[in-house]
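The values are calculated or read from the model by the stated rules, or taken from the named source; none is laboratory data. Just so it is clear, the structure is predicted and the values come from calculations on it, not from any experiment. Ideal geometry is used to build each Cβ from the backbone, glycine not excepted, and the neighbour counts take in all protein chains shown. We work out accessible area using only protein heavy atoms, side chains counted, and drop any ligands, DNA or RNA first. Shrake-Rupley method; radii C 1.70, N 1.55, O 1.52, S 1.80 Å.
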Amino acid sequence: MQIQINTDRNIDGHEAHATQVSSVVESALNRFSDHITRVEVHLSDENSKKKDGNDDMRCMMEARLEGRQPIAVTHQATTVDQAVDGAADKLTKLIESTLGRLRDHRESQH
């Protein structure tokens, strides 16, 4: 499973932060790694550094599942870490339900 991290110009995308985001994604999605070819993480500060605001850090995660269309989720929070955690949770649930429906469909055809 390949993980690609993208940040906008308002977020510091230094190596340590990228490693931490990658580890959150890996631990959340590890059990699905046989089905996922790539995960793209897009981090952005919706209000930029100039303005204060709640829930202005945005994390969009897109997973590419083998043989399927990409699926994506978005989570906004006060900090980047909270946004990443929230998006990872949402993506885990979405993949669970997507793969569950796929498995149920295959079982119903046998």
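Brief remarks on what is shown
- The stretch 13-32: number of residues that are part of a loop (DSSP other than H, G, I, E, B) and surrounded by fewer than 11 Cβ atoms within 10 Å (Cβ to Cβ): 1
- Of the residues GLU62, GLU46, the single one that is in contact with an Asp or Glu (Cβ under 6 Å, 6 or more places away or on another chain) and at pLDDT 95 or above is GLU62.
- Pairs with Cβ under 6 Å, 6+ apart, first in the stretch 20-33 and within 12 Å of ILE5 (Cβ to Cβ), second open to solvent by 30 Å² or more (accessible area, probe 1.4 Å): VAL21/ILE5; SER22/ILE3; VAL25/ILE3
- A Cβ distance below 6 Å, combined with a sequence gap of six or more or placement on separate chains, defines the contacts here; from the stretch 1-16, residues that are free of Cβ contacts under 8 Å to residues at least 12 places away in the same chain reach no residue that is of a type in the set (A, V, I, L, M) and open to solvent by 70 Å² or more (accessible area, probe 1.4 Å).
- Scanning the stretch 57-82 for residues that are in contact (Cβ under 8 Å) with a residue 60 or more places away in the chain and buried (at least 16 other Cβ atoms within 10 Å of the Cβ) gives a single hit, VAL80.
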